[in-house]
Amino acid sequence: MTETSTLIILGASGDLTERLLLPGLASLLKSDRGVDVKLIGTGRSERSPKEWDAVVKTAFNGDAGSDLAKRTLASSEYIQGDPTSPAHLEKLFEASEGDPVMYFALPPAISVKVIKALEKITLPEGLRLALEKPFGSDEAGARDLNEELLKVVSEDRIHRTDHFLGRSTVLDIIGLRFANRLFEPVWNSDNIAKVEIFYDEILGLEGRAQYYDKAGALIDMIQSHLLQILAIIAMDAPASIDAVELRSEIARVLRATWVKDGDPITASRRGQYAAGTISGKEVPAYADEDGVDDARQTETLAEVEFEIKTRRWAGVPFVLRSGKGMSKIRKEVLITFKPVPVLPAGLKGASSPDSLRIEISPETLELGVTTNGKGNPFSLEKSVFKTDLGKPELTPYGEVLSGIFHDDPTLSIRGDVAERCWAIVQPVIDAWKSNMVPLETYPAGSSGPVEWETSKEA
Ligand code: NDP
């Protein structure tokens, strides 16, 4: 029997808890990495025991079969109260068993108040804190937040979560790069022409104006998730996959990452969707959605070109893009290789370069290589080898929670990295705020503003 821990979820009435966190917990409990967890949800909203039970049961849908999941369901409770109140936090710790994990599923400004409240009370030994993105609202804010957190617990007990690092395809990149002879020798500017990371969704705002309108695509996706993927793609080989080595390599490569030529005006573009049609459904303009303040000029599509100033990557553009209300889902890393230095005379080149596409969702790997033509062998073609990487046993949040419960911060963002990711995008934030980059529009359900070139399919 494993030791019991308690998962205290602050903001348990929110979207993250119901949609991602609890299903992630369920996937962990039924896996062979499962732990014995008492679950406590809390928030200012009222929830009767029956209502809370229903929320947890729905999230555990089909997963309640394991003994660990059954025990969590049976012991789970909702304790109503204000998470910023020291007395309420004490009550939550009193109801805990074993070492508690406090998960901040809260708006970031409220999380800061909770941390200040934690400073006022005696904390249980072994307390671990899990914080969501966005971590702070700029570099100085992230630094202040780090300082506050360190007054409460040590760095190894702070988990700044980024569930993209728990996504199996992102983790697969580590194996792909460092566990075979095929790719690592060519993983550099001698052979790679361009790296693009796309995260395009067909979904529009979906009622999340309160959060999204203040963040926008740049902060919601590029500043956090996509920079982490860039780091995994571009880092040097870590000596081992652990919290020290992996996170040091991530930090090192991000310290060398900059907006291309230091010029956000030429290196970035932004757009906002206008009314349009997505999958046959009419979608209102972003600016007309409930809760949107047009004066904020929030972008729903963001693209930034970065450069990595290292021997390995000098001159290779890293283009990161994320959009809402797009015509198709495109969640992938696309690596485009350079052509061979010279083609033997008599061979007619293929129409597009060799490429490697790592699809984040669904999880697939697609290698496009030049081969002899099927009809005329001297007229080269592109052949595509595709494999399904398979569904992982844990959801990304299950992976995140596994790291937290097993005291392994390997997949958590280190404090300095959280600050660095803000510093990397700050020139773009500033340029956009002062309107130095125009906010273009695109119809919902399109591939973006007409003049934006999209990368050719591999
Ligand atoms: P919500 O906006 O749904 O808020 C979560 C809960 O916070 C609410 O249900 C509310 O509970 C509580 N809350 C809101 N305002 C206050 C306040 N003034 N004082 C005390 N409690 C308050 O957030 P999400 O669940 O969507 O997200 C939570 C965190 O996770 C955020 O940091 C977000 O950026 C991050 N995140 C969210 C994702 C998502 O898909 N939802 C994805 C990735 C990260 P009550 O009223 O009961 O107190």
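The values are calculated or read from the model by the stated rules, or taken from the named source; none is laboratory data. Everything numeric here is computed off the predicted structure, so don't read it as measured data. Every residue, glycine as well, gets a Cβ built from its backbone with ideal geometry; the counts of neighbours run over all protein chains shown. We work out accessible area using only protein heavy atoms, side chains counted, and drop any ligands, DNA or RNA first. Shrake-Rupley method; radii C 1.70, N 1.55, O 1.52, S 1.80 Å.
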Taking R0 as 30 Å, what's the FRET efficiency between Ser48 and Ile329 from their Cβ-Cβ distance, rounded to 0.05? 0.20
Give me the Å³ per residue figure for the convex hull around the C-alpha atoms of the stretch 4-132. 93 Å³
Rh by Kirkwood over Cα pairs, then Stokes-Einstein D for the stretch 202-279 at 0.692 mPa s and 37 °C, µm²/s: 214 µm²/s
The stretch 125-263, Kirkwood Rh and Cα Rg, ratio Rg/Rh at 0.99
Work out how far the C-alpha atoms of the chain reach from end to end along every principal axis, then list the three figures in whole Å, largest first. 78, 51, 43
HN-Hα couplings for the stretch 208-221 via Karplus (6.51, -1.76, 1.60; θ = phi - 60°), in whole Hz with x for Gly/Pro, come out as 9, 4, 3, 8, 5, 5, 8, 9, x, 5, 5, 7, 4, 10
For the stretch 295-427 (alpha-carbon point model, no solvent) the Debye-based log₁₀ I(q)/I(0) at q = 0.11, 0.12, 0.17 Å⁻¹ works out to -0.69, -0.80, -1.25
Share of Cα-Cα pairs in the stretch 280-349 beyond 15 Å, in percent? 74 percent
So which trypsin sites (Lys or Arg not before Pro) in the stretch 31-79 pass both tests, a DSSP loop state and at most 14 other Cβ atoms within 10 Å of the Cβ? Arg44
Using a/c under 1.5 as the rounded threshold, could you call the stretch 387-458 rounded, prolate or oblate? The axes a ≥ b ≥ c are square roots of the C-alpha gyration tensor eigenvalues, and prolate needs a/b larger than b/c, oblate otherwise. oblate
Among the GluC sites (Glu not before Pro) in the stretch 125-217, which ones are in a DSSP loop with at most 12 other Cβ atoms within 10 Å of the Cβ? Mind listing them? Glu125, Glu206
Apply the Karplus curve 6.51 cos²θ - 1.76 cosθ + 1.60, θ = phi - 60°, to the phi angles in the stretch 21-34 and return the couplings in whole Hz, x for Gly and Pro. 5, 5, x, x, 4, 4, 5, 5, 5, 8, 8, 7, 9, x
Taking only C-alpha positions in the stretch 98-143, Rg and Dmax in angstrom work out to 11.5, 35
What lysines sit close enough to Lys30 to cross-link, taking a C-alpha to C-alpha distance under 20 Å and skipping anything fewer than 8 places away on the same chain? Lys38, Lys57, Lys70, Lys391
Listed by chain and number, the residues whose amide H is under 5 Å from that of Glu97, excluding neighbours fewer than 5 places away on the same chain and using placed H, are Thr6
Set Lys194/Lys382; Lys194/Lys331; Lys194/Lys433; Lys116/Lys151 screened for pairs whose C-alpha atoms are more than 20 Å apart: Lys194/Lys433
Expected unfolding gain across Leu343-Val369 under the 0.36 nm per residue rule, minus the alpha-carbon gap, is 7.9 nm
Can you work out the accessible area per residue across the stretch 257-395, with the rest of the protein chains kept in place, probe 1.4 Å, in square angstrom? 51 Å²
Could you derive backbone 3J(HN,Hα) for the stretch 423-440 from the dihedral phi with the Karplus parameters 6.51, -1.76 and 1.60 (θ = phi - 60°), listing whole Hz in sequence and x where the residue is Gly or Pro? 4, 4, 8, 3, x, 6, 4, 5, 5, 5, 4, 8, 6, 7, 10, x, 8, 8
If you wrap the stretch 67-106's Cα atoms in a convex hull and average its projection over all directions, what's the area in nm²? 3.4 nm²
At a 1.4 Å probe, what is the % contribution of carbon and sulfur to the accessible area of the stretch 345-458? 55 percent
In the neighbourhood of Asp293 defined by beta carbon distances under 13 Å, the net charge of the other residues (Lys, Arg +1; Asp, Glu -1) is -3
